[in-house]
Amino acid sequence: MRPFKALFAAPRPSAEAPRFVIDDDEYVDKVTTASAQLLREGKLKPVTALRRQVKTGSFSPRLATQARRQLAAPDLYEHLRQSTLAVGSYYKCPDCGDWHFIGAAGFVVAEGGIVCTCCHVVQAEDEGVKESYLVAADADGHVFPVQSVLAADTESDTCFIRIDAPDLKPLPLRSGVRTGERVYCLSHPGGYYYTFTQGMVSRLNLRRNDVLDEHGHTNGLLTRPILLLNVTAEFAPGSSGAPITDDAGNVVGQVASIADAGEPGLNDTNAPPSPSVPIRFCIATEEIIRLTRPMPGEAKATTDTIAPAAKPKKRPAH
């Protein structure tokens, strides 16, 4: 009798794939040094100029074809690492006078250096900082200036930015994720760069009310319900803009914010909930895809109409 052979064998990781080992201090030093050189060359754009470009509008890039082949988790990590960036501020510290880099996340969504991240990653203001620039860095510490904000939807907290990196590989977008599906997150929680976690979609939900940013401000009343995912894949502040993917590497959501759920203290209603349970919110891919479609009264903007890049009380999870 022939031995039984499974029709749907689980994918196995590549045995010969090299391991990726990151040194966070070395990585930040490399990004900081490269950013300093770009600043001396006059290639960085001030964050203040980019903030003014965060206005509601669409942009229609050529999106990648949806992937079908499932990957083993180690191979998926290597795949996502090629397209996930640290997006953040290179700034002069008002206290010590030195220059630092603080990163959130983003992922390549289309060829030509088109990156998807959260609006609040661009709009976040550091108290007392008078000089800062927005940059993006890949897993090897190569730094790319953020050139412009192509489109934004402040209500769903999603935007497209352009960086000078035309050769990076985009991740496909996939709508229609269901509760219970396994998902993965590659992000930079608390400055621990390229941390990989897995979990599931714990629910789909609609947000109808605006939320406070880290400064206690809002961006106004919502004009429509926003589709969000709650996931059990772990992330933390520093992860905003990171991709949430399925096991084929299709993006089904984007890290947005964290809420603490629990019962308040008996004697102090202002005390943090105890026990504190982090509820992780992600922007559904449907909201990102909406950003690629012209909005009412808006002329269609595509990659063909923009000059190509030169070659070489939720708290945000930012």
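The values are calculated or read from the model by the stated rules, or taken from the named source; none is laboratory data. The structure displayed is predicted, hence computed values, not measured ones. Methodologically, a virtual Cβ is constructed for each residue, glycine included, from the backbone with ideal geometry; neighbour enumeration extends over all protein chains shown.
Would it be correct to say that LEU50 is surrounded by 11 or more Cβ atoms within 10 Å (Cβ to Cβ), assigned by TED's automatic domain parsing to the domain that holds ASP167, in contact with a Leu (Cβ under 9 Å, 6 or more places away or on another chain) and modelled with pLDDT of 95 or more? Yes: the conditions hold for LEU50. The requirement of being more than 29 Å from ALA248 (Cβ to Cβ), outside the structural domain of VAL252 (by TED's automatic domain parsing) and within 20 Å of the chain's Cα centre (by Cα) is satisfied by ASP126.
Only one of the listed residues (ALA64, ALA9, ALA73) is surrounded by 17 or more Cβ atoms within 10 Å (Cβ to Cβ) and either more than 20 Å from GLY141 (Cα to Cα) or at pLDDT 95 or above (or both). That residue is ALA64. Got at least one residue in segment 93-103 being at pLDDT below 95 and either closer than 19 Å to GLY253 by Cβ or surrounded by 22 or more Cβ atoms within 10 Å (Cβ to Cβ) (or both)? Checked against the condition, which is being at pLDDT below 95 and either closer than 19 Å to GLY253 by Cβ or surrounded by 22 or more Cβ atoms within 10 Å (Cβ to Cβ) (or both), segment 93-103 yields at least one hit. Within segment 96-107, residues that are under 18 Å from ALA34 (Cα atoms) have Cβ atoms under 7 Å from residues that are among the hydrophobic types (A, V, I, L, M, F, W, C) and surrounded by fewer than 18 Cβ atoms within 10 Å (Cβ to Cβ) in these pairs: TRP99/ALA36; HIS100/CYS93, counting only partners at least 6 apart in sequence or on another chain. Examine segment 167-177 for a residue that is under 18 Å from TYR91 (Cα atoms), modelled with pLDDT under 95 and acidic (Asp, Glu), and state whether such a residue exists. Within segment 167-177, none of the residues are under 18 Å from TYR91 (Cα atoms), modelled with pLDDT under 95 and acidic (Asp, Glu). Residues that are over 19 Å from VAL108 (Cβ atoms) and among the basic types (Lys, Arg) within segment 119-166 comprise just one, LYS130.
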